Structures are given as structure tokens and as C-alpha cells.
Amino acid sequence: QVQLVESGGGLVQAGGSLRLSCLASTSILGFNAMGWYRQAPGKEREPVAGTPNEGSTMYADSVKGRFTISRDNDKNTVYLQMNSLKPEDTAVYFCYANDWGAESIWNVHYWGKGTLVTVSS
């Protein structure tokens with residue numbers, strides 16, 4: 001069974017940075033894509049950043065230029081570097097992965113349990 005475990009969340013002041021990590025229990029080369037969603041209090045879960053197996057990246061407009069997704073295939077880990085954080089970035093951040101054959105980079109077959117990021121003003 002695939003497990004995704006996030007780490008790196010916490011409390012940071014506006015303008016600060018955090019790096020999230022997502023460790024997979026299996027080789028991430030076996031996935032079609034991996035990435036991050038987030039869910040703010042009272043809001044729906046939304047995609048943040050994704051990276052297909054071939055290494056390209058996609059971002060939500062709200063985080064472009066501030067967040068960077070990367071992957072280390074040897075460590076079975078995907079990262080989300082978050083800079084210039086804003087209070088509106090406060091959310092639980094979920095790592096996800098999808099299998100080959102997924103129609104979209106944003107399709108989700110596996111979820112992590114999430115890590116909380118709180119940005120204070």
C-alpha cells in the first residue's frame with residue numbers, strides 16, 4: 001500500500017519561507033505525477049503545484065513565482081519550497097500522487113495526511 005508522509009509544516013511570519021517534504025513508501029518513478037494540494041479553513045481543497053514524472057512543473061496562479069516544487073527520485077521525496085508566504089497561504093498542505101494513465105496531472109490516487117502551515121501577519 002502506498003504511503004505518503006508530509007513534513008515541514010509550522011508557524012511562520014508573513015514574508016517568511018518553509019520547505020515541505022513528502023516521502024513516499026515506494027519509488028516515485030512509479031507514479032505518473034506527484035504534487036501538492038492545500039485546504040484552508042472553510043474552503044475546498046485546491047491544487048497548488050504538480051510535477052509529472054518527466055520533471056516539468058505546474059503551479060496554481062496564486063503561488064506562481066513564490067513556490068517551487070522539486071523531486072529527488074533517489075530519496076523518493078517531493079519538496080515544496082514556499083517563499084514570500086502570505087497569511088492567505090495558511091492551510092493544511094496535502095501531498096498526492098497519481099498512477100500512470102491518469103487523465104490529468106491533478107488527478108489523485110493517493111493522499112498524504114497533510115501538514116499544517118500557518119502564516120501570521
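The values are calculated or read from the model by the stated rules, or taken from the named source; none is laboratory data. All values derive from a computational prediction rather than experimental measurement. When we count neighbours, we look across all protein chains shown, and the Cβ atoms used for this are built from the backbone with ideal geometry, even at glycine. Keep in mind that these areas ignore ligands, DNA and RNA; they rest on the heavy atoms of the full protein, side chains included. Shrake-Rupley method; radii C 1.70, N 1.55, O 1.52, S 1.80 Å.
What is the distance, in nm, between label points placed 7 Å from the Cα along the Cα-to-Cβ direction at residue 81 and at residue 45?
Going from the residue 81 label point to the residue 45 one covers 2.7 nm.
State in Å² the accessible area per residue of segment 74-121; use a 1.4 Å probe, count heavy atoms of protein chains only, and round to the nearest integer.
Per residue, segment 74-121 has an accessible area of 51 Å².
Work out the charge dipole of segment 1-114 with +1 on the Cβ of Lys and Arg and -1 on the Cβ of Asp and Glu about the Cα centre, then indicate which of 12, 69, 101 is farthest towards its positive end.
Among 12, 69, 101, the one farthest towards the positive end of the dipole of segment 1-114 is 12.
How high is the relative contact order of the chain, in percent, counting Cα pairs under 8 Å that sit 6 or more residues apart?
For the chain, the relative contact order is 36 percent.
What lysines could a cross-link reach from residue 64, if we take a straight Cα to Cα line under 22 Å and drop same-chain neighbours fewer than 8 places away?
43, 86
Let's see if you can work this out: charge +1 on each Lys and Arg Cβ, -1 on each Asp and Glu Cβ, no other charges. What is the dipole magnitude of the chain about its Cα centre, in debye to the nearest 20?
320 debye
So, with a 1.4 angstrom probe, what is the percent of accessible area on segment 15-102 that is carbon and sulfur? Don't skip to the end; give the middle numbers.
Working: 1950 of 4050 Å².
Answer for segment 15-102: carbon and sulfur cover 48 percent of the accessible area.
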